[in-house]
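The values are calculated or read from the model by the stated rules, or taken from the named source; none is laboratory data. Given the structure is predicted, the values throughout are model-derived calculations rather than measurements. Counting neighbours? That spans all protein chains shown, and the Cβs are built from the backbone with ideal geometry, glycine included.
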Amino acid sequence: MQRNAETRTAQSDTAPTRTAETRISEPRTAEPMQLYLQDARKYQYLTPEQELDLAVRWHDHQDPAALDKLIGSHLRLVVKMARGYLGYGLPLADLVAEGNVGVMQAAQKFDPAKGFRFATYASWWVRAAIQEYVLHNWSLVKIGTTAGQKKLFFSLRRLKARMQELESGDLSPEAVESIATELNVSKAEVVEMNRRLGNDRSLNVGLSEEGDAEWQDLLADERPDQETTLADSEERRRRQQFLKLGLGVLDDRERQILVARRLRDEPLTLEELSQTFHVSRERVRQLEVRAFEKLQKAVIATARTEQVAIEKKRLLTNA
């Protein structure tokens, strides 16, 4: 069921330095896993300023000590995210190892000049690495490769539990429609995925004869942990602020077109906007492109200005 270990070893060799790779060595068995957890607890959570300082030292100067600390401070985040996927029957040690690959990839690709938090950026890479591993190792026939199908695979059991449909076999028409709407997939895809997951172990079966815990207790909890929640909240606030400032550089027509085309849940068509503004559809498209480019430049400029301020504060603190 599990992928060839040599494949994962080859991917792990892409780690930025041997120091970092050794520090977060892949915990493939129980005893190394305990050592890994002990090591992870030694790292303190970073402030935004500390995080930026380490990211700059690695990105600009290839400082291995900075990389080691940057990655190490996010090991507990990897463990928390990995625990959320225990319900798929894979060892925690393997899930954590895949998460480690993700956080190392994030460190390699992260550009502190963009003005965003590494914690938020790394969370995306960790989640993607773990989910890819689950998808490759799940003992099912092909489950689908589109974004919608992957989301359905990882969310169906949670939604069934919420609707109290876990033991019902075939989903009720109401449940199918509700799930399809929430995940933005077709009803047929919901029915097919439910059929493929139908032979899965009953989620109400006990984990052991002695305990009261059930398999459903191990279902992936999509709710973020406190650290991720705080980082995401800060990131949303900053992006909203950047967006507001960016929209401020547009004229009324550009702003209305951009909002209608890119910021609405149900975007308006070029035809609808051409009738509203009494111009051709091609002209609307040109205005949309121009508005987006102006917005993008304004957001990047704002982020860089903020980054310069943080960097100055860091230099003054270290002086």
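Summary of values
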{"read-out": "Given (1) assigned to a helix (DSSP H, G or I); (2) closer than 20 Å to Q131 by Cβ; (3) modelled with pLDDT under 85; (4) hydrophobic (A, V, I, L, M, F, W, C), index of the condition A40 fails", "value": "(2)"}
{"read-out": "Total residues in region 275-319, condition at pLDDT below 80, out of contact with any Gly (no Cβ under 6 Å at 6 or more places or on another chain) and either under 14 Å from L258 (Cα atoms) or assigned to a helix (DSSP H, G or I) (or both)", "value": "16"}
{"read-out": "Extreme residue, modelled with the lowest pLDDT, among residues of region 110-136 that are assigned to a helix (DSSP H, G or I) and touching a Phe, Trp or Tyr at 6+ places or on another chain (Cβ under 8 Å)", "value": "L135"}
{"read-out": "Subset of region 104-127 (residues that are surrounded by fewer than 20 Cβ atoms within 10 Å (Cβ to Cβ) and more than 19 Å from R76 (Cβ to Cβ))", "value": "Q108, K109, D111, A113, K114, G115, F116"}
{"read-out": "Top-ranked residue in region 43-63 [being outside any helix (DSSP H, G or I) and loosely packed, with under 15 Cβ neighbours inside 10 Å; ranked as modelled with the highest pLDDT]", "value": "Q62"}
